[in-house]
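Beneath this line is the structure, given in structure tokens, with notes to follow.
Computed from the coordinates by the stated procedures, all read-outs in this text should not be read as laboratory data. What you see is a predicted model, and the numbers here were worked out from it, not measured in a lab. With ideal geometry, Cβ positions are generated from the backbone for all residues, glycine too; neighbour counts draw on all protein chains shown.
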Amino acid sequence: MRTWKPMQRDNSSIQTVLDLALSFERSRVLLTACELDLFSVIGAKVKPAAEIAAQLDTDIKATERLLNALVAIGLIEKNNNGYLNSKISLRFFDKTRPEYIGLFKYQNYLWNLWGNLTQSVKLGKPPDIVDIKDMTKEQIKPFIEAINWRSSILAHDVVRLLDLTKVHKLLDLTGGLGNYTIEFLNLKPEIDANLFDYPNIIAFTEDYLKAEGFIKKINLMKGDFRTDDIGTGYDMIFISFAMHHVSIWENIALCNRIYNALNKGGQLIIHDYLIHDDRTSPEYNALLSIEMLVSSKGGDVYTETDYWIMLKESWFEDIQRTDTDFGTALISAKK
């Protein structure tokens, strides 16, 4: 006969376990609200549930339940006239605001892939995914929004950690919408700047660079960075947050191709997350490794030693590491 009553003894430890197990509920409520653009619909006004539901084209009763759950977790406030954004929601979740976090729609895409984690652990690979290069325009929009939000925050400071003195021709490999390339040009306007990415991403890059006034200053190149020609004659090749999406063997082959594309004395700069040698920390990077398990074909978060092996296998020398203020690192290597 069991005499231990779990909810009456050691309550703090039990609550910790329950909070961990049930945290997905809060996350799912937030992600659904972001997917619907609920916070943007409310904006800076107070609105009743019926008006919000009408604008979202959702069921009134179900929308009211969602709004009440958002109130419960502190993201929405409620008064006699209806619902309004909290200060933090208005600041970060309203897409019309300058500090909008453009990350959560992509997290909705990842949500479904994380649901395959058990099967991925059994198989050693995701059961079914669409490669980024094969995504449709609508499928890839959340991914582009996420990478652009992140690069817009990091690019200014990261680029200024690099020595561009001897850099005349630059390649931003997997450059996304071009925030890093723009910062390279802001720092050294005379650089011959080139940006390479998948064709379905470059379609968005063109519009972005037109809006930013850089479309005539950057040569855009389309292709698969894992297999296609990336050009030659570069003094620096910069690659950010791409190598963790592919296997270590693909990365060795990529580093070989990058080596051949560089001038003698040229540099490869890898900007990415690094995991400690025991592969259990930092926590974010350990969880990102799981994200790669469910969302990529062979991707992983690599250690500094892993990158040293990749680079040495490709004849690079003078391998150095510089940590950023963002929990990321720059690995530099010379030809």
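So, R0 is 45 Å and r is the distance between the beta-carbons of K125 and N81; what FRET efficiency does that work out to, to 0.05?
Numbers: r = 52 Å, r/R0 = 1.15.
For R0 = 45 Å, the calculated efficiency reads 0.30.
Gap in Å between the Cα centre of the stretch 202-226 and the Cα centre of the stretch 321-335?
Spelled out, the Cα-based centre of one part sits 25 Å from the other.
Say R0 is 56 Å: what FRET efficiency, to the nearest 0.05, do D278 and E212 get from their beta-carbon distance?
On the way: r = 42 Å, r/R0 = 0.75.
Calculated transfer efficiency: 0.85.
Can you give the helix-only mean residue ellipticity at 222 nm for the chain, where every DSSP H stretch with n ≥ 4 adds -39500 (n - 2.57) and the sum goes over all residues, rounded to the nearest 500 deg cm²/dmol?
Working: 13 runs with 157 residues, N = 335.
Rounded to the nearest 500, it is -14500 deg cm²/dmol.
Please go through the stretch 179-247 and write out the GluC sites (Glu not before Pro) that DSSP classes as loop and that have at most 14 other C-beta atoms within 10 Å.
E190
Please list the non-local residues whose amide H lies under 5 Å from the amide H of H168, H modeled 1.01 Å from N, same-chain partners needing a gap of 5 or more.
Amide H to amide H, under 5 Å and 5 or more residues apart or across chains, H168 pairs with D235.
Is there a quick way to get the dipole size of the stretch 18-176? I mean about its Cα centre, with the Cβ of Lys and Arg at +1 and of Asp and Glu at -1; what is the value in debye to the nearest 20? Provide the component values of the computation, followed by the final result.
On the way: 21 positive and 19 negative charges, 56 e Å.
With Lys and Arg at +1 and Asp and Glu at -1, about 260 debye.
Only Cα pairs under 8 Å and at least 6 apart count here; give the relative contact order of the stretch 118-334 as a rounded whole percent.
Numbers: 364 pairs, mean separation 40.7, N = 217.
Averaging sequence separation for qualifying contacts and normalising by length gives 19 percent for the stretch 118-334.
Taking the beta-carbon count within 10 Å as an exposure proxy, list K45, K133 from fewest neighbours to most. Don't skip to the end; give the middle numbers.
Numbers: K45 12, K133 15.
If I rank by nearby Cβ atoms, fewest first, I get K45, K133.
Could you work out the relative contact order of the stretch 11-94, using alpha carbon pairs under 8 angstrom and six or more residues apart, expressed as a whole percent? It would help to have the intermediate numbers written out before the result.
On the way: 82 pairs, mean separation 26.9, N = 84.
Averaging sequence separation for qualifying contacts and normalising by length gives 32 percent for the stretch 11-94.
Given springs between every Cα pair under 10 Å in a Gaussian network model of the chain, which of M310, M221, M135 has the largest fluctuation?
M135
Tell me which DSSP H helices of the chain clear both cut-offs, 15 Å or more of axial length from alpha-carbon atoms and a mean Kyte-Doolittle hydropathy of at least -1.0. All intermediate terms of the calculation are to be shown ahead of the outcome.
On the way: long enough: 11-35 (35 Å, 0.39); 60-72 (18 Å, 0.72); 137-159 (31 Å, -0.02); 199-212 (20 Å, -0.16); 248-261 (19 Å, 0.19); 283-295 (18 Å, 0.80).
Qualifying helices, which must be both long enough and hydrophobic enough, are 11-35, 60-72, 137-159, 199-212, 248-261, 283-295.
Treating cross-link reach as a plain straight distance, find the aspartates and glutamates whose alpha-carbon is under 18 Å from the alpha-carbon of K217, omitting any fewer than eight places away in the same chain.
Within the straight-line cut-off, K217 pairs with D172, E183, E190, D192, D197, E206, D207, D235.
Arranged by the count of other C-beta atoms within 10 angstrom, fewest first, what order do R150, R160 take? Walk me through the intermediate numbers first.
On the way: R150 19, R160 11.
Ranking R150, R160 by Cβ neighbours within 10 Å, fewest first, gives R160, R150.
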